[in-house]
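Contents: one structure, followed by commentary.
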Amino acid sequence: MTYSGYSRKQPPPMDPPPQARVRTYWRGCVQLWQAHQPDANGRCAACGRQGACPTLTAVDALLADALGKATD
């Protein structure tokens with residue numbers, strides 16, 4: 001599940017989109033989002049965790065918040 005709506009096929013842009021309400025941490029979040037994508041075996045490429053990576057989930061929620069999307 002993603003909060004932001006971004007996916008591996010349509011990743012977040014490195015520069016914050018115009019509709020982003022919070023722009024200060026956008027690039028750092030995108031870098032973490034990219035690093036913590038699952039590999040072909042479903043493991044996080046950065047931390048090696050199987051299944052849902054808590055870092056990816058948290059960063060995706062931050063991106064969603066920056067875009068004004070609800071994460072509940």
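Residue selection: residue 46 fails the criterion of being at negative phi, hydrophobic (A, V, I, L, M, F, W, C) and out of contact with any Ser or Thr (no Cβ under 8 Å at 6 or more places or on another chain). Does residue 49 satisfy the condition of being among the charged types (D, E, K, R), in contact with a strand residue (DSSP E or B) (Cβ under 9 Å, 6 or more places away or on another chain), surrounded by 11 or more Cβ atoms within 10 Å (Cβ to Cβ) and more than 16 Å from residue 69 (Cβ to Cβ)? When the stated conditions are applied, residue 49 passes them. Cβ-Cβ contacts under 9 Å between residues 6 or more apart (or on different chains), taken from a first residue in region 24-50 that is touching a residue at least 40 places away in the same chain (Cβ under 8 Å) to a second residue that is among the charged types (D, E, K, R) and surrounded by 10 or more Cβ atoms within 10 Å (Cβ to Cβ), are listed as 26/15.
When residue 16 is tested against (1) surrounded by fewer than 12 Cβ atoms within 10 Å (Cβ to Cβ); (2) in contact (Cβ under 8 Å) with a residue 40 or more places away in the chain, just one condition goes unmet, and that condition is (1). Please determine, by comparing only the residues of region 31-72 that are among the charged types (D, E, K, R) and under 12 Å from the mean Cα position of the chain (by Cα), which one is farthest from residue 9 (Cα to Cα). Top of the filtered list is 65. Which residues, taken from region 36-61, are in a loop (DSSP other than H, G, I, E, B) and touching a His at 6+ places or on another chain (Cβ under 6 Å)? Matches in region 36-61: 46, 53.
Read-outs: derived from the displayed coordinates by stated rules, not from any lab. Computed from a prediction, not measured in an experiment: that's the story for all the values here. Virtual Cβ from ideal backbone geometry, glycine too; neighbours counted across all protein chains shown.
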